[in-house]
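Reviewing the structure listed below.
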Amino acid sequence: MKKLSVSLPGLEMKNPIMPASGCFGFGKEYAEFYDLSVLGAAAIKAATREPRFGNPTPRVAETHSGMLNAIGLQNPGVDQIMENELPHLQSYDLPIVANIAGSTEEDYCEVARKISLHPQVSVLELNISCPNVKEGGIQFGTDAATAAALTKKVKAVSAKPVYVKLSPNVSNITEMALAVEEAGADGLSMINTLLGMRIDLKTRKPVIANKTGGLSGPAIKPVAIRMIHEVSQAVSIPIIGMGGVSSAEDVIEFMLAGASAVAIGTANFVDPYICPEIISQLPELLEKMNVNHITELIGGSWKECGTPSLSR
Amino acid sequence: MKKLSVSLPGLEMKNPIMPASGCFGFGKEYAEFYDLSVLGAAAIKAATREPRFGNPTPRVAETHSGMLNAIGLQNPGVDQIMENELPHLQSYDLPIVANIAGSTEEDYCEVARKISLHPQVSVLELNISCPNVKEGGIQFGTDAATAAALTKKVKAVSAKPVYVKLSPNVSNITEMALAVEEAGADGLSMINTLLGMRIDLKTRKPVIANKTGGLSGPAIKPVAIRMIHEVSQAVSIPIIGMGGVSSAEDVIEFMLAGASAVAIGTANFVDPYICPEIISQLPELLEKMNVNHITELIGGSWKECGTPSLSR
Amino acid sequence: MKKEFVQVISQKEIAHQIFELKVQGEVIAEMTSPGQFVHLRVSDSFQPLLRRPISICDVDVESKTLTMLYRKEGAGTALLSQKREGETVDLLGPLGNGFPLDTLSSGQTALLVGGGIGVPPLYYLAKQLKRRGMNIVSVLGFQSEQDAFYNEKFAEQGEVFISTVDGSLGTKGFVTDVLKNEDINYDLLYSCGPTVMLKALEAQIPDANGFFSLEERMGCGIGACFACVCHVNGGAPSDYVKICSNGPVFPIGRVAL
Amino acid sequence: MKKEFVQVISQKEIAHQIFELKVQGEVIAEMTSPGQFVHLRVSDSFQPLLRRPISICDVDVESKTLTMLYRKEGAGTALLSQKREGETVDLLGPLGNGFPLDTLSSGQTALLVGGGIGVPPLYYLAKQLKRRGMNIVSVLGFQSEQDAFYNEKFAEQGEVFISTVDGSLGTKGFVTDVLKNEDINYDLLYSCGPTVMLKALEAQIPDANGFFSLEERMGCGIGACFACVCHVNGGAPSDYVKICSNGPVFPIGRVAL
Ligand SMILES: Cc1cc2nc3c(=O)[nH]c(=O)nc-3n(C[C@H](O)[C@H](O)[C@H](O)COP(=O)(O)OP(=O)(O)OC[C@H]3O[C@@H](n4cnc5c(N)ncnc54)[C@H](O)[C@@H]3O)c2cc1C
Ligand SMILES: Cc1cc2nc3c(=O)[nH]c(=O)nc-3n(C[C@H](O)[C@H](O)[C@H](O)COP(=O)(O)OP(=O)(O)OC[C@H]3O[C@@H](n4cnc5c(N)ncnc54)[C@H](O)[C@@H]3O)c2cc1C
Ligand SMILES: Cc1cc2nc3c(=O)[nH]c(=O)nc-3n(C[C@H](O)[C@H](O)[C@H](O)COP(=O)(O)O)c2cc1C
Ligand SMILES: Cc1cc2nc3c(=O)[nH]c(=O)nc-3n(C[C@H](O)[C@H](O)[C@H](O)COP(=O)(O)O)c2cc1C
Ligand code: FES
Ligand code: FES
């Protein structure tokens, strides 16, 4: 299984696979299905400064090869998370990616400062898809300068490496990536969900109570691949790739695009065993592709020196 | 069938259904399947100033509930189109939407001036997803000021109403829509394709020769719906909605979101009869929904005064 | 809680658009609590993507056979209805917490109120309560006669009242009309059905004691995604329960409907 | 050219991952030109979304039966291989232009060169040419013996040479090796197979007369989407042909491979 190990800032992973934030709660539920230590890492649900109930229901809706969600960052708040949710993860050999969210720079910094000190937390993941209340509701995730300023502030207070999770709902994803790299980000996570909506023909209203929701699942995979392909050629920090991954082949595709590790979100709902299943299928797939170590694949779709495939 | 008629600037349509640009050639092929006069209108393949061969093959790839294409605007050029392709459409009672593309403002204006004079052409559709060569390759479709300037110039030379076709690959679609409305656009078409990519595990290279392609089909429907829902509340010009439409129910969903007419692209490849089939299914569906005239549905998901559904 | 490919034993339409599906598998031996549900994957492609929650309607633990009743609604249940004997279904379950069975003692009376597709879980409940010596009175509401099902099966467990909206069977109106008209004595109320029905029950019997089974759109079905969260009555604004893992059964009054 | 739900008559695996599918339908009466193809929808969901182009391998116009041979490759052909007798397949066709049958006169010899899954259309061609009195010589190339198919069927039409890459059957190597080793006299060349094979043929027989059948990724399959366009040799840079509607058969040398 040595073939699968990847090493990212703050994350020594047995394999490149982690459940994505918001799709894995705080791990307890999936621990009833399998030993979480098989995972490369795990990203936990977004932590905010105060407890949040989130949006009214319905919060999810199905779409063609995808789903919409508008959970609204429900979570018990950073203090409760540190006290009640993180300790049980101690029993696993599992680096934790702590996803953090907020509406002001102060919110983010407060959460980052606190949670980065928790011994269970390996790195932070800055979810910048939330509206910036101070700047009048513009999203941290769609304005490069705002995202860079936030990154810099969070880096200054965080005791652990910081990954910035990019929103795909932008005109120029590379501009966003370069801005947060420049501001000190240790890595990138991409992509978050695409903004979407469904309308119910019976009620004639949006299916989701919040009206819009985030589109995830296999439907968005091509968007994720093209963004990772583009950004990985422009930045020199590693990328945790995600968006519709649901097979070992998808993992390879993301790594060839330029991801150094891969997160799996929606597919956990389809099959709670998807992460360990993919992990167990990877070695055979690498063998078939004549790859000695999975890191050889990273950026293989654009690197000149990519080892060419011998078998067809 | 009176229930289905919609009236947009320059377009008196028997029903709100038209094939989308690039998915219908110049109509000849589908004319072998059905009488084109049943359609509300038809958008023809993009016309450019000079003939274009387009991109190398492979130009298409399949994705989950979607497809990527990078045709590269192949077309015989505006003069040939006017001479060889448009005349045969004379035999149908069919308003034509002439999609136009270019790399400079001059290109667009030249094509617009010429083709808008053709008697077969009812309106122009400005495809602004092409890179602006003069401004160093930024897309007309992602910069509001550039898009507005182009719209103004084209409006000045066009003998017919001008619809601007918006790209979804932007941070703020409403900003784009308002800018082109302000610049004089008579209507909007949305959405064009999402930028996407697939990588082949065997070759380790992008499946599409052009590397990236445009994602279309049912996968992108939620993105289209949310953008139309948002934009239709901000502008006062009508919207031709598109993106993954493949059933009569989808048409209703787009109109409830705020579209005044609906274009069908990729679904024509799945079923060449899809447009007439949907048209024939609409009356029954309206009846079931207790709708007297299809225009009552436009914006029904956000209009206060939307007629509530009586049946469930 | 396991994921297993269970085998279809039989599938038949028992009322208008209502299907009875029997499946067999090892995991079914664990399904001893009425009110729990299973989460089914109805296709091996991503269309539809999500699993579908369906209640446990009856279990024969001996033969490891599970009976489900479902209404063919959208794409997912339409695909499910095409499954034939011998085919398999990807089942995750049993999920959630069922109706407590030990609140009443032998000889006491349970009132079971079910509406439409909320009726199925009450059948397994009726059987279990009866086995424990309780008396069962069932009030079942449907749209019309053609939509009604399992009336005789409930009659085997105790007295049954039916209401239909169009009056084609039983009392014309809703289950609440039956409760108004009939003088039913009972010790505990168990109910499952559309939220409007549960609300009407709450309004009509403000001091009702018992349990409601709730429904909500689900993502994971196991408590990980926060899709199915409800407010708690009298709690802090951030207090909540998850229908999938804390419910779907809750004491009446606990959850804000 | 029509769209019709044709009925599956039989489906069997005739070589490693190679399936022979027979279907019946009205539209099949129109399939008289070998080299044409059909466009199949293999699922009624959007997964997979696009149709799959498959060549006409044989037709019995009387019984309106079409035979197709295909290799199970990805998701689409995997689904197709699950279709059973009595089920239907959504077929669009016949599409494109087949091999001209009147270029040779009776008594002349046609050389048919097929590679792998390019072999099927040549079978209907062989039958039609033979019926018109021409002599048939076939050279068929496969990966190995287990991948080979229809050898005996081609032998009924004339002389057959086989090559396999691993040498497990016939000449070891490629079809071009057969042509090098054997001294085959012929009047016209007809070929279908991977582009590399067609290129090798062009290089080895620079003055070859005849027809190539080409392949390309397709969207519509009917000429409307410009997905399958090829450059024309010696034409202007903007000259092109569409494989689906102008081809898939072209005179050798016409299209830039
Ligand atoms: C705990 C629980 C138990 C249930 N038990 C039964 C049962 O025994 N018999 C039965 O017929 N139905 C039951 N339902 C409702 C059943 O889950 C839905 O009817 C079914 O999911 C509809 O799927 P569809 O594909 O046919 O409809 P679609 O409308 O196409 O479904 C689209 C999406 O919405 C979800 N959805 C639609 N309706 C509901 C609903 N009422 N509740 C939750 N999610 C919904 C689907 O799961 C899917 O994700 C239960 C629901 C819950 C939450
Ligand atoms: C005119 C024509 C005739 C053909 N005749 C036959 C035949 O008789 N027997 C046979 O086995 N195969 C034939 N092919 C190839 C066949 O179409 C592909 O093998 C098939 O589409 C693969 O689909 P899949 O879902 O299994 O593979 P996937 O790789 O999952 O397909 C993904 C997408 O790529 C396309 N694609 C993949 N391979 C090819 C290919 N080689 N050519 C064109 N598109 C491809 C698919 O159609 C689909 O859109 C023909 C192709 C063409 C163009
Ligand atoms: C139900 C749900 C909840 C999510 N919650 C969060 C979250 O709290 N923080 C975050 O950064 N991303 C969140 N995401 C986004 C995912 O982490 C992931 O970026 C996205 O879903 C794309 O991956 P997928 O297609 O594999 O699901 C959520 C996604 C889903 C489906
Ligand atoms: C093969 C193909 C070619 C297209 N060519 C054009 C074009 O020339 N001009 C244009 O404005 N849009 C073009 N489009 C975009 C469509 O008109 C439409 O906006 C988009 O595909 C979304 O609709 P759909 O999901 O119904 O296909 C093309 C789309 C496809 C799939
Ligand atoms: S459905 Fe995911 S928490 Fe209940
Ligand atoms: S496949 Fe559409 S033009 Fe050939």
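For the stretch D:133-152, the set of residues classified as surrounded by 18 or more Cβ atoms within 10 Å (Cβ to Cβ) and of a type in the set (D, E, K, R) consists of D:Asp147 only.
Among the residues of the stretch B:132-161, those that are within 19 Å of B:Gly77 (Cβ to Cβ) and either out of contact with any Phe, Trp or Tyr (no Cβ under 7 Å at 6 or more places or on another chain) or among the small types (Gly, Ala, Ser) (or both) comprise B:Val133, B:Val157, B:Ser158.
Say we look at the stretch C:244-257 and pick out the residues that are touching a residue at least 40 places away in the same chain (Cβ under 8 Å) and hydrophobic (A, V, I, L, M, F, W, C); which of these is nearest to ligand 2 (Cβ to nearest atom)? Result: C:Cys244.
For the stretch C:90-130, the set of residues classified as more than 12 Å from ligand 1 (Cβ to nearest atom) and within 14 Å of another protein chain (Cβ to nearest Cβ) consists of C:Asp90, C:Leu91, C:Leu92, listed by residue number. Taken over the stretch C:162-196, the criterion of being in contact with a Ser or Thr (Cβ under 7 Å, 6 or more places away or on another chain), open to solvent by 50 Å² or more (accessible area, probe 1.4 Å) and among the acidic types (Asp, Glu) is satisfied by C:Asp166, C:Asp187.
Residue-wise test of (1) basic (Lys, Arg); (2) in contact (Cβ under 8 Å) with a residue 24 or more places away in the chain; (3) within 14 Å of chain A (Cβ to nearest Cβ); (4) within 30 Å of A:Val270 (Cα to Cα).
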{"position": "C:Thr195", "(1), (2), (3), (4)": "no, yes, yes, yes"}
{"position": "C:Ala203", "(1), (2), (3), (4)": "no, no, no, no"}
{"position": "C:Phe212", "(1), (2), (3), (4)": "no, yes, no, yes"}
{"position": "C:Gly219", "(1), (2), (3), (4)": "no, yes, yes, yes"}
{"position": "C:Ile222", "(1), (2), (3), (4)": "no, yes, yes, yes"}
{"position": "C:Ala236", "(1), (2), (3), (4)": "no, no, yes, no"}
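Taking the numbered list (1) at negative phi; (2) at the interface with chain A (Cβ under 8 Å from one of its Cβ atoms) in turn, B:Ile279 passes all entries but (2).
Within the option set A:Asn210, A:Asn192, being open to solvent by 30 Å² or more (accessible area, probe 1.4 Å) and either assigned to a helix (DSSP H, G or I) or in contact (Cβ under 8 Å) with a residue 40 or more places away in the chain (or both) holds for one residue only, A:Asn210.
D:Asp60 meets each of the listed conditions (1) open to solvent by 10 Å² or more (accessible area, probe 1.4 Å); (2) charged (D, E, K, R); (3) within 16 Å of ligand 4 (Cβ to nearest atom) apart from (3).
One residue alone among D:Leu80, D:Leu49 is touching an Asp or Glu at 6+ places or on another chain (Cβ under 8 Å), among the hydrophobic types (A, V, I, L, M, F, W, C) and buried (at least 22 other Cβ atoms within 10 Å of the Cβ), and that residue is D:Leu49. Going by the structure shown, is A:Gly265 out of contact with any strand residue (DSSP E or B) (no Cβ under 6 Å at 6 or more places or on another chain), crowded, with 24+ Cβ neighbours inside 10 Å, within 14 Å of chain C (Cβ to nearest Cβ) and among the small types (Gly, Ala, Ser)? So A:Gly265 does not fit the description; no. Is there a residue being surrounded by fewer than 24 Cβ atoms within 10 Å (Cβ to Cβ), out of contact with any strand residue (DSSP E or B) (no Cβ under 7 Å at 6 or more places or on another chain) and among the polar types (S, T, N, Q) anywhere in the stretch B:275-288? Yes, there is a match, as at least one residue in the stretch B:275-288 is surrounded by fewer than 24 Cβ atoms within 10 Å (Cβ to Cβ), out of contact with any strand residue (DSSP E or B) (no Cβ under 7 Å at 6 or more places or on another chain) and among the polar types (S, T, N, Q).
If you go through the stretch B:5-62 and keep only what is within 19 Å of the chain's Cα centre (by Cα) and open to solvent by 40 Å² or more (accessible area, probe 1.4 Å), you end up with B:Ser5, B:Ser7, B:Pro9, B:Gly10, B:Glu12, B:Lys14, B:Lys28, B:Val38. Condition first: within 16 Å of ligand 5 (Cβ to nearest atom) and either open to solvent by 10 Å² or more (accessible area, probe 1.4 Å) or in contact with a strand residue (DSSP E or B) (Cβ under 8 Å, 6 or more places away or on another chain) (or both). Can you find one or more residues in the stretch A:238-256 that meet it? No, the stretch A:238-256 contains no residue that is within 16 Å of ligand 5 (Cβ to nearest atom) and either open to solvent by 10 Å² or more (accessible area, probe 1.4 Å) or in contact with a strand residue (DSSP E or B) (Cβ under 8 Å, 6 or more places away or on another chain) (or both). Being free of Cβ contacts under 8 Å to residues at least 40 places away in the same chain and either within 19 Å of the chain's Cα centre (by Cα) or crowded, with 23+ Cβ neighbours inside 10 Å (or both) is the requirement here; does A:Gln74 meet it? Answer is yes for this residue.
Take the residues in the stretch A:77-91 that are polar (S, T, N, Q) and in contact (Cβ under 8 Å) with a residue 12 or more places away in the chain; name whichever of them is least open to solvent (accessible area, probe 1.4 Å). In this case the residue turns out to be A:Gln80.
For the stretch A:161-193, filtered to residues that are within 14 Å of chain B (Cβ to nearest Cβ) and hydroxyl-bearing (Ser, Thr, Tyr), the residue that is nearest to A:Leu215 (Cα to Cα) is A:Thr193.
Here is the figure for the stretch A:218-237: residues that are open to solvent by less than 10 Å² (accessible area, probe 1.4 Å) and within 11 Å of chain B (Cβ to nearest Cβ) total 9.
For every residue, the table says whether it meets (1) in a strand (DSSP E or B); (2) within 16 Å of ligand 5 (Cβ to nearest atom); (3) among the basic types (Lys, Arg); (4) open to solvent by 10 Å² or more (accessible area, probe 1.4 Å).
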position	(1), (2), (3), (4)
D:Glu216	no, no, no, yes
D:Gly221	no, no, no, no
D:Gly234	no, no, no, yes
D:Ser238	no, no, no, yes
D:Val241	yes, no, no, no
D:Gly253	no, no, no, yes
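Filtered by the rule that a residue be part of a loop (DSSP other than H, G, I, E, B) and more than 19 Å from C:Gly116 (Cβ to Cβ), the stretch C:134-156 gives C:Met134, C:Glu156. Checking the stated criteria, D:Leu69 turns out to be closer than 16 Å to D:Pro34 by Cβ and assigned by the TED database to the domain that holds D:Val6.
The values are calculated or read from the model by the stated rules, or taken from the named source; none is laboratory data. If you're wondering where the values come from, they're calculated on a predicted model, not measured in any experiment. In this analysis, Cβ positions are derived from the backbone assuming ideal geometry, glycine residues included, and neighbour counts consider all displayed protein chains. For the accessible areas, the whole protein counts, side chains as well, though only heavy atoms, and no ligand, DNA or RNA atoms are used. Shrake-Rupley method; radii C 1.70, N 1.55, O 1.52, S 1.80 Å.
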